[in-house]
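Colleague: Take this structure, written in structure tokens, and hold onto it; I'll ask about it next.
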Amino acid sequence: MNQSVQLLENERLDELHRNGYSIIQNPKKFCFGMDAVLLSGFATVKPGETVLDLGTGTGIIPILLEAKTNGQHFTGLEIQPESADMARRSVRLNHLEDKITIETGNIKDASKQFGASSFHVVTTNPPYMTDCHGLKNPNESKAIARHELLCSLEDVIRESAKTLKPQGRFYMVHRPFRLAEIMVLMHQYGLEPKRMQLVYPFADKEPNMVLIEGLRGGNPRITVEKPLIVYKEPGVYTDEIYDIYGY
């Protein structure tokens, strides 16, 4: 471990099974889930490309994409200072300061903070629930991560479109129950849906996640990929999931 990186109270170090990397997390605040890992497997980053991750949390998506791709540089934007601090310490821990930058800021202002048409790729694992969906977590950090308290789905899609270069690619993981709204907003802001994959916990259950790729200024045509099944039996991942995780 990098001796200059300190763990604070309630923090732990989790192995990522990629390039020997680890990440700092605090279970009392918010830990990344499978959705972030699946998004890192779904997103394509070509050699030399720059990537912006909106709402990066503890930096899991930039760290995994740096491990999996030959992208030139990865930037994470996070509004919660404690999460951004954890992400920066994880970047230092893995000696990735030259490849990953963590910025503190609001998704609503991303295009002002970074400038229009700045990135080849934007990724995001945004809050899934609106104010009227479900029970809010009394823990503020978890509530901000899960509910649209500080930004809306429209904010995320609008700012993604603005910060992307022409023909830049947008990758998002979300919940299928908001798919119609997602498609309408992507079309409204010029992000043409190009690929979609539904994620099912088991083959006989309904999907609980959707992975979407959009192209800024793309022509209408979407490919629906074969379903991604998480478990072949309780507690046992399918081969595809093991492959994405790098086990």
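The values are calculated or read from the model by the stated rules, or taken from the named source; none is laboratory data. Everything numeric here is computed off the predicted structure, so don't read it as measured data. Cβ coordinates were reconstructed from backbone atoms using ideal geometry, including for glycine residues, and neighbour counts include every protein chain displayed.
Colleague: Could you count how many residues in the range 46-66 are in contact (Cβ under 8 Å) with a residue 60 or more places away in the chain, surrounded by fewer than 22 Cβ atoms within 10 Å (Cβ to Cβ) and either among the charged types (D, E, K, R) or not in a strand (DSSP E or B) (or both)?
Modeller: 2
Colleague: Looking at the range 78-116 only, could you name the residues that are among the hydrophobic types (A, V, I, L, M, F, W, C) and under 17 Å from residue 164 (Cα atoms)?
Modeller: Residues satisfying the conditions are 107, 110, 114, 116.
Colleague: Any residue at all in the range 175-197 that's assigned to a strand (DSSP E or B), of a type outside the set (Phe, Trp, Tyr) and surrounded by fewer than 17 Cβ atoms within 10 Å (Cβ to Cβ)?
Modeller: no
Colleague: Which of the residues belonging to the range 115-130 are surrounded by fewer than 20 Cβ atoms within 10 Å (Cβ to Cβ) and closer than 13 Å to residue 153 by Cα?
Modeller: Result: 128, 129, 130.
Colleague: Could you grab me the full set of residues in the range 19-45 that are part of a loop (DSSP other than H, G, I, E, B) and either more than 17 Å from the chain's Cα centre (by Cα) or among the β-branched types (Val, Ile, Thr) (or both)?
Modeller: Answer for the range 19-45, where residues must be part of a loop (DSSP other than H, G, I, E, B) and either more than 17 Å from the chain's Cα centre (by Cα) or among the β-branched types (Val, Ile, Thr) (or both): 19, 20, 21, 27, 28, 29, 44, 45.
Colleague: Further, regarding this structure: Within the range 189-218, count every residue that is of a type in the set (Ser, Thr, Tyr) and more than 22 Å from residue 242 (Cα to Cα).
Modeller: 1
Colleague: Select, from 91, 45, 51, 121, the only residue that is modelled with pLDDT of 95 or more, of a type in the set (A, V, I, L, M) and in contact with a Lys or Arg (Cβ under 6 Å, 6 or more places away or on another chain).
Modeller: None of the other options fit; the residue is 121.
Colleague: Is it true that some residue in the range 58-75 is in contact with a His (Cβ under 8 Å, 6 or more places away or on another chain) and either closer than 17 Å to residue 156 by Cβ or among the β-branched types (Val, Ile, Thr) (or both)?
Modeller: no
Colleague: Please verify whether residue 111 is hydroxyl-bearing (Ser, Thr, Tyr) and touching a Gly at 6+ places or on another chain (Cβ under 8 Å), treating the condition exactly as stated.
Modeller: Against the criterion (hydroxyl-bearing (Ser, Thr, Tyr) and touching a Gly at 6+ places or on another chain (Cβ under 8 Å)), residue 111 does not qualify.
Colleague: Also, I was wondering about something else. In the set 161, 84, 145, which member is outside any strand (DSSP E or B), crowded, with 22+ Cβ neighbours inside 10 Å, at pLDDT 95 or above and not aromatic (Phe, Trp, Tyr)?
Modeller: 161
Colleague: Being aromatic (Phe, Trp, Tyr), touching a strand residue (DSSP E or B) at 6+ places or on another chain (Cβ under 7 Å), buried (at least 16 other Cβ atoms within 10 Å of the Cβ) and at pLDDT 95 or above, is that true of even one residue in the range 17-31?
Modeller: For the range 17-31, residues aromatic (Phe, Trp, Tyr), touching a strand residue (DSSP E or B) at 6+ places or on another chain (Cβ under 7 Å), buried (at least 16 other Cβ atoms within 10 Å of the Cβ) and at pLDDT 95 or above: absent.
Colleague: Please enumerate the residues belonging to the range 67-95 that are without any contact (Cβ under 8 Å) to a residue 40 or more places away in the chain and not small (Gly, Ala, Ser).
Modeller: 69, 70, 72, 73, 74, 77, 78, 81, 85, 88, 91
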